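Below: the structure, in structure tokens.
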Amino acid sequence: MVAAVPTVLLAAAWLLANRPAPPKPDPRNNAIEVHRLGTDGTAELLTTFDHADVPTVARLADGRIVAAFQGYPPDRPQDLDRVAVRFSSDEGRSWTAAQPIAVTGMDAGLAPPFDPTLVPLPDGRVRLYFTSHPGSDEKPGQTAIHSAVSADGMRFDFEPGVRFCVEGRVVIDCAAALHGGKFHLVVPDNGTPAEFLARRQVGEPPIGGNGYHATSVDGLTFQRAADLPLTPVRNRWFGNLLSDGRTLSFFGTGPGPWPMTSADGFAWNAAPNPMRMPGLDPAVLMLKDGARLVLSTRAPGPATNYPVSPPAP
């Protein structure tokens, strides 16, 4: 005799089978929050960039701060999903209006730059590392990291060739820094295109825990090094590299604690005074008074946000 299934279990099974699919993430609804993290651990929200995603921040040779990000202005469809920049002359408290960058000399057939990362160069220019691919957005080819250079942070000259690529894997969202005379490039392992797309379709981020690492003397020709692990796997190499001349720090996405620190970019440990970063994909800059400027993506819904907390004792 087969036992009867309770009505409540039948109802629950029906609800699970017929529940609506979770909403797909739409970066047009994201915003970038700009925080000032004081040396005492206090956090101050300075401003918000609406309709923006995946920030990066750097200091220019003239002392100004430039923030680059993926922009989605609802009133300018021609600038939708393009890398844009804002500038600050008062240590991040106020910013110019967003303006799309211009990149000249890109190879024909490459998609426009996306997922920017800025690295100041010793000669006063700034290099933009970014993701692109051949083909259309509907049928993209292999994603790879490319680069361009600029004297003003707005007009960039494309540098021919590919900086970094892993065949058959989704290579996006790089972080980069110049440390000890060597460029370090860190890219989260986003899996294969099929794995990446499957997780995106159900509203889940790529699996974390592993990142690619490559180094270069000139910032153009990179040599892949051993992959970088992270624990727990909810943590991702999705964020920002920062060098103070002695230590490389990586501020990433996930519960943390952050930053991870390294003297050489190969062996990493948790910082002695770790913190939890706000939002996703944080970009961090040291301010003149020793505080940190943090730009991070605030995605809709509380589940994707990590609150600011003071450094652990």
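The values are calculated or read from the model by the stated rules, or taken from the named source; none is laboratory data. Quantities reported herein were computed from a predicted structural model and do not represent experimental measurements. Glycine gets a Cβ as well: all are built from the backbone with ideal geometry, and neighbour counts include every protein chain shown.
Mind checking which pairs have a first residue in the range 248-268 that is on the phi > 0 side of the Ramachandran plot and a second that is at pLDDT 95 or above and of a type in the set (Ser, Thr, Tyr), Cβ under 9 Å, 6 or more apart or different chains?
265/215
Could you give me the residue pairs with C-beta distances under 6 Å whose first residue belongs to the range 104-120 and is on the phi > 0 side of the Ramachandran plot and at pLDDT 95 or above, whose second residue is surrounded by fewer than 18 Cβ atoms within 10 Å (Cβ to Cβ) and assigned to a strand (DSSP E or B) wherever it lies, and which are 6+ apart or on separate chains?
105/157
Output yes when any residue across the range 91-114 is under 29 Å from residue 193 (Cα atoms), out of contact with any helix residue (DSSP H, G or I) (no Cβ under 6 Å at 6 or more places or on another chain), buried (at least 21 other Cβ atoms within 10 Å of the Cβ) and not β-branched (Val, Ile, Thr), and no when none is.
Among the residues of the range 91-114, at least one is under 29 Å from residue 193 (Cα atoms), out of contact with any helix residue (DSSP H, G or I) (no Cβ under 6 Å at 6 or more places or on another chain), buried (at least 21 other Cβ atoms within 10 Å of the Cβ) and not β-branched (Val, Ile, Thr), which makes the answer yes.
Looking for something in a loop (DSSP other than H, G, I, E, B), among the hydrophobic types (A, V, I, L, M, F, W, C) and at pLDDT below 95 - is there at least one such residue anywhere in the range 73-83?
Yes, the range 73-83 contains a residue that is in a loop (DSSP other than H, G, I, E, B), among the hydrophobic types (A, V, I, L, M, F, W, C) and at pLDDT below 95.
Which numbered condition trips up residue 63, out of (1) at pLDDT 95 or above; (2) surrounded by fewer than 14 Cβ atoms within 10 Å (Cβ to Cβ); (3) at negative phi?
All conditions are met except number (3).
Hey, can you tell me all the residues within the range 115-144 that are of a type in the set (Gly, Ala, Ser) and surrounded by 13 or more Cβ atoms within 10 Å (Cβ to Cβ)?
132, 141, 144
Residue 70 is checked against (1) in a strand (DSSP E or B); (2) of a type in the set (S, T, N, Q); (3) free of Cβ contacts under 8 Å to residues at least 12 places away in the same chain and fails just one. What number does that condition carry?
(3)
List every residue pair whose Cβ atoms sit under 6 Å apart, with the two residues 6 or more apart in sequence or on different chains, where the first one lies in the range 167-186 and is of a type outside the set (A, V, I, L, M) and the second, anywhere, is part of a loop (DSSP other than H, G, I, E, B).
Listed by first residue and then by second, the contacts come to 183/219; 184/265.
Taking the range 145-174 as the search range and keeping residues that are crowded, with 20+ Cβ neighbours inside 10 Å and of a type in the set (A, V, I, L, M), which one is farthest from the chain's Cα centre (by Cα)?
For the range 145-174, the residue satisfying everything is 148.
Let me confirm something: among 197, 178, which residue is under 28 Å from residue 263 (Cα atoms) and not small (Gly, Ala, Ser)? Show your work before the answer.
Numbers: 197 fails: under 28 Å from residue 263 (Cα atoms).
Checking each option against the conditions leaves just 178.
Can you pull out every residue in the range 187-203 that is modelled with pLDDT of 85 or more, out of contact with any Asp or Glu (no Cβ under 9 Å at 6 or more places or on another chain) and among the charged types (D, E, K, R)?
Of everything in the range 187-203, those that are modelled with pLDDT of 85 or more, out of contact with any Asp or Glu (no Cβ under 9 Å at 6 or more places or on another chain) and among the charged types (D, E, K, R) turn out to be 195, 199.
Among what's in the range 190-224 and is more than 17 Å from the chain's Cα centre (by Cα) and of a type in the set (Asp, Glu), pick the residue that is farthest from residue 281 (Cα to Cα).
This residue is 218.
Could we say that residue 42 is modelled with pLDDT of 80 or more and farther than 30 Å from residue 75 by Cα here?
Numbers: modelled with pLDDT of 80 or more: yes; farther than 30 Å from residue 75 by Cα: yes.
Spelling it out, residue 42 is indeed modelled with pLDDT of 80 or more and farther than 30 Å from residue 75 by Cα.
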